[in-house]
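K.L.:
Could you have a look at this structure, given as structure tokens, before my questions?
The values are calculated or read from the model by the stated rules, or taken from the named source; none is laboratory data. Bear in mind the structure is a predicted one, so any value in this text is a computation, not a measurement. As a convention, Cβ positions derive from the backbone with ideal geometry for all residues, glycine included, and neighbour counts pool all protein chains shown. Ligands, DNA and RNA are stripped out before the accessible areas are found, and what is left, the full protein with its side chains, is counted by its heavy atoms. Shrake-Rupley method; radii C 1.70, N 1.55, O 1.52, S 1.80 Å.
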Amino acid sequence: MKALPRHKRLLTGVKIKMLNIKSLCQPPIWKLNSKGPKVSGFTLIELLVAIVIIGIMLTLVLGSYWTFLQTQQKMAMSRELQSEVRFAFNRFTDKVRSSTIDYSSYAPGQPCAITGSNLCLVSLDGTKHLFAYDSTDQVLNMAVVPATAAASDPILFEPLLSPDKFVVTGQNFDFSPTLDPSILANPQLQPKVTFYLEVSPRSGLYQDLVIESQTTISSRQY
Amino acid sequence: MMRVKRGFTLIESLIVMFILASSMTAALYLLTTVVFSTQQNLKRTKAVYMAQECTELARNLRDTAWINYRPWDCAFGSVNDEFVLSPLNTGTVNIASCNNMPGAIKQEVADTNNIVIWQEGSTLTHFPTGGTAIDTGYTRTLKHVDPDSNSDTLDLECTVEWQFNGRDESITTPQTLTNWRKN
């Protein structure tokens, strides 16, 4: 191209180099051989097919992986439930073995007469152990009343299983004999208590998980 | 021209895939085992408490015999007798020698021939509504073992059986009762 006369130029002193488009479109030198340029790569269709296949595989893999994570969480919750149930049963076992049924507390006006499902035990030294089920909150409570406490003292109940995490959906205390065997006219049987417990998670995804278990303990007091 | 070598050969990539697959399979096996063992533990915990119930009931029978001045081992039959303590099966124990001992194990039904139908206090893992028994999947057997003929000790064995994933599982709890009251 001929250079414009100086008075028609926009910028003086600037040299513009025309680009050789052909050199830009050529492949780099190391891909050139005597037979012509050889550029290897993937066609568009190959890429599309590969992406579709990868998408299908990912769907399957991620789906099963997500299910696996859910199962792990459910198993962790199940393990927690199991350990809580074991704890409750151990508590129950210890209390029943070391005491006997407190028949006097089942009389009208006494602690075990008021509430529905409950258990009143008394040890040799007069300490009373109470188990009471609160059906509105679905919590199993326990209390220890020393022998020196007066009848009018309020009974301090504490939950047996963490109430914010677990809910007791069912329980039953069944003891035998129902009448005090220390009175000779009543059937003479060694006291024993049957404990049945149903526990579920209180909130969260796995509220259908439930553990139900039962055991019976015979009193060691003679 | 330079000979340029780029990329992986087919055999290399096959070997890599093989190694990856086997290592991931091993990891997956570990993780699924955890899931199985948690579920297995759940059933086992229930079975342990049932076995505990069985041994405590046996002890209770001995204690009740003491209280009633009966022979201390009258409720356990002879050696190798087995009593099934499940809601769908009832074991029978001849208590002629127990001489009408009052309901030691929450006696549901008493036969007129002096035989106590030995039924445990409540159905396994479920308190009955109206007294109907349900199949909980567990069976429980109390066996009088006692290989030695020491008249003041009694060996018992309580076996709880259940099924997990089609396999039979069981636990056995041995117990020795002694007549320390010399009744």
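K.L.:
Assess whether A:T148 counts as being among the β-branched types (V, I, T) and either buried (at least 19 other Cβ atoms within 10 Å of the Cβ) or within 18 Å of A:I211 (Cβ to Cβ) (or both). Walk me through how you get there before you give the answer.
P.N.:
Values: among the β-branched types (V, I, T): yes; either buried (at least 19 other Cβ atoms within 10 Å of the Cβ) or within 18 Å of A:I211 (Cβ to Cβ) (or both): no.
Against the criterion (among the β-branched types (V, I, T) and either buried (at least 19 other Cβ atoms within 10 Å of the Cβ) or within 18 Å of A:I211 (Cβ to Cβ) (or both)), A:T148 does not qualify.
K.L.:
Restricting the search to the range A:100-122, which residues are assigned to a helix (DSSP H, G or I), of a type outside the set (G, A, S) and open to solvent by less than 40 Å² (accessible area, probe 1.4 Å)? Before you say what the answer is, go through the steps one by one.
P.N.:
As a first pass, look at the range A:100-122 and keep what is assigned to a helix (DSSP H, G or I): A:103-106, A:111-114.
Pick out the ones that are also of a type outside the set (G, A, S) and you get A:103, A:106, A:111-112, A:114.
Of everything in the range A:100-122, those that are assigned to a helix (DSSP H, G or I), of a type outside the set (G, A, S) and open to solvent by less than 40 Å² (accessible area, probe 1.4 Å) turn out to be A:Y103, A:C112.
K.L.:
Determine, yes or no, whether A:K22 is part of a helix (DSSP H, G or I), charged (D, E, K, R) and at pLDDT 75 or above.
P.N.:
In short, no.
K.L.:
Of these, B:A47, B:A27, which one is surrounded by fewer than 14 Cβ atoms within 10 Å (Cβ to Cβ), in a helix (DSSP H, G or I) and either at positive phi or at pLDDT 85 or above (or both)? Outline the logic, then answer.
P.N.:
Values: B:A47 fails: surrounded by fewer than 14 Cβ atoms within 10 Å (Cβ to Cβ).
B:A27 is the lone residue from the list that is surrounded by fewer than 14 Cβ atoms within 10 Å (Cβ to Cβ), in a helix (DSSP H, G or I) and either at positive phi or at pLDDT 85 or above (or both).
Table: residues versus (1) in contact (Cβ under 8 Å) with a residue 60 or more places away in the chain; (2) under 17 Å from A:I211 (Cβ atoms).
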position	(1), (2)
B:S22	no, no
B:Y29	no, no
B:V35	no, yes
B:A58	yes, no
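K.L.:
So which of A:R97, A:R91 is closer than 30 Å to A:E198 by Cα, touching a strand residue (DSSP E or B) at 6+ places or on another chain (Cβ under 9 Å), away from every other protein chain (no Cβ under 11 Å) and surrounded by 10 or more Cβ atoms within 10 Å (Cβ to Cβ)?
P.N.:
Step by step, each of A:R97, A:R91 is checked, and only A:R91 is closer than 30 Å to A:E198 by Cα, touching a strand residue (DSSP E or B) at 6+ places or on another chain (Cβ under 9 Å), away from every other protein chain (no Cβ under 11 Å) and surrounded by 10 or more Cβ atoms within 10 Å (Cβ to Cβ).
K.L.:
Which of the numbered conditions does A:Q221 fail, given that it passes all the others? Conditions: (1) away from chain B (no Cβ under 12 Å); (2) closer than 15 Å to A:I101 by Cα; (3) open to solvent by less than 60 Å² (accessible area, probe 1.4 Å).
P.N.:
The one condition A:Q221 does not meet is (1).
K.L.:
Looking at (1) modelled with pLDDT of 85 or more; (2) under 20 Å from A:L140 (Cα atoms), find the lone condition where A:F173 falls short.
P.N.:
(1) is the only condition that A:F173 fails.
K.L.:
Considering only residues that are small (G, A, S) and crowded, with 18+ Cβ neighbours inside 10 Å, which ones fall in the range A:164-176?
P.N.:
A:S176
K.L.:
Contact list please: Cβ distance under 6 Å, first residue in the range B:168-183 and farther than 17 Å from B:T64 by Cβ, second residue of a type in the set (V, I, T), pairs at least six apart or on different chains.
P.N.:
The qualifying pairs are B:S170/B:T159; B:I171/B:V160; B:T172/B:T159; B:T173/B:T55; B:T176/B:T153.
Residues checked against (1) in contact with a Pro (Cβ under 7 Å, 6 or more places away or on another chain); (2) farther than 30 Å from A:D137 by Cα; (3) within 14 Å of chain B (Cβ to nearest Cβ):
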residue	(1), (2), (3)
A:M57	no, yes, yes
A:F68	no, yes, yes
A:Q73	no, no, yes
A:S104	no, no, no
A:C112	no, no, no
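K.L.:
For the range A:107-124, indicate whether the set of residues that are at pLDDT below 90, among the hydroxyl-bearing types (S, T, Y) and in contact with a Ser or Thr (Cβ under 6 Å, 6 or more places away or on another chain) is non-empty.
P.N.:
no
K.L.:
From the residues in the range A:130-165 that are closer than 15 Å to A:S200 by Cβ and of a type in the set (D, E), which one is modelled with the highest pLDDT?
P.N.:
A:D164
K.L.:
Let me ask you something else. Keeping to the range B:157-175, report how many residues are over 22 Å from B:V79 (Cβ atoms) and small (G, A, S).
P.N.:
Qualifying residue count, the range B:157-175: 1.
K.L.:
Tell me which residues, restricted to the range A:182-194, are within 9 Å of chain B (Cβ to nearest Cβ) and part of a strand (DSSP E or B).
P.N.:
Residues of the range A:182-194 that are within 9 Å of chain B (Cβ to nearest Cβ), as a first pass: A:187-192, A:194.
Across the range A:182-194, the qualifying residues are A:K192, A:T194.
K.L.:
Please go through the range A:139-180 and pick out each residue that is part of a strand (DSSP E or B) and in contact (Cβ under 8 Å) with a residue 40 or more places away in the chain. Spell out the reasoning first.
P.N.:
Keep residues of the range A:139-180 that are part of a strand (DSSP E or B), which gives A:139-145, A:158-159, A:166-176.
Residues satisfying the conditions are A:L140, A:M142, A:F166, A:T169, A:G170, A:Q171, A:N172, A:F173, A:F175.
K.L.:
Please pick out the residue among A:L161, A:L209, A:L197, A:L179 that is more than 10 Å from chain B (Cβ to nearest Cβ), touching a helix residue (DSSP H, G or I) at 6+ places or on another chain (Cβ under 8 Å) and open to solvent by less than 60 Å² (accessible area, probe 1.4 Å). Outline the logic, then answer.
P.N.:
On the way: A:L209 fails: more than 10 Å from chain B (Cβ to nearest Cβ); A:L197 fails: more than 10 Å from chain B (Cβ to nearest Cβ); A:L179 fails: open to solvent by less than 60 Å² (accessible area, probe 1.4 Å).
On inspection, the qualifying residue turns out to be A:L161.
K.L.:
Ok, one more. Do we find that A:A147 is farther than 22 Å from B:M50 by Cβ and in contact with a Gly (Cβ under 9 Å, 6 or more places away or on another chain) in this structure? Quick ask: steps written out before the conclusion?
P.N.:
Working: farther than 22 Å from B:M50 by Cβ: yes; in contact with a Gly (Cβ under 9 Å, 6 or more places away or on another chain): yes.
Yes, satisfied.
K.L.:
Which numbered condition in (1) part of a helix (DSSP H, G or I); (2) within 23 Å of A:L179 (Cα to Cα) is the only one that A:D125 fails?
P.N.:
(1)
K.L.:
In addition: Any idea which of B:Q39, B:Q52 is touching a residue at least 60 places away in the same chain (Cβ under 8 Å), open to solvent by 60 Å² or more (accessible area, probe 1.4 Å) and within 12 Å of chain A (Cβ to nearest Cβ)?
P.N.:
Unique residue meeting the criteria: B:Q39.
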